[in-house]
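Each remark here refers to the structure printed beneath this line.
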Amino acid sequence: MERALGLFILVVAGILSLPIAAAAFDSEGSENWIIPAQLGGMAIIGALVGLAIPGVTGAGSSGRRAPFGALMGVGLALVGVLIFFLLLNGFDGA
């Protein structure tokens, strides 16, 4: 149950992270920082989720919870962007 909760949190954060990063960096000269800000933010969120919910990374992995959570956050950020794109455009726009 902990793993499902952690993955749900990361998928929702992944879906919302791109529009939030775009809102913060959508100005002349800073639009190139949208994707790095989104991936960096998701790495931080993933590390925090990995530390807060031990079931996300598996039992007995106390030393690698934050790095594994960060990798999961970045991976699920990409999944979230795909889901956001499909929700925005539908399958016909893809």
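The values are calculated or read from the model by the stated rules, or taken from the named source; none is laboratory data. Small disclaimer: the values here were computed from a predicted structure and weren't measured. All Cβ positions, even for glycine, are placed from backbone atoms using ideal geometry, and neighbour counts span all protein chains on display.
If S62 meets every condition in (1) touching a helix residue (DSSP H, G or I) at 6+ places or on another chain (Cβ under 7 Å); (2) at pLDDT below 90 apart from one, which number is that one?
Against the list (1) touching a helix residue (DSSP H, G or I) at 6+ places or on another chain (Cβ under 7 Å); (2) at pLDDT below 90, S62 comes up short only on (1).
Here's a check for you: in the stretch 74-94, which residue that is among the small types (G, A, S) and more than 16 Å from the chain's Cα centre (by Cα) is modelled with the highest pLDDT?
Of everything passing the filter in the stretch 74-94, G90 is modelled with the highest pLDDT.
Would the stretch 43-65 turn up any residue that is over 22 Å from E2 (Cα atoms) and surrounded by 12 or more Cβ atoms within 10 Å (Cβ to Cβ)?
No - not one qualifying residue is present in the stretch 43-65.
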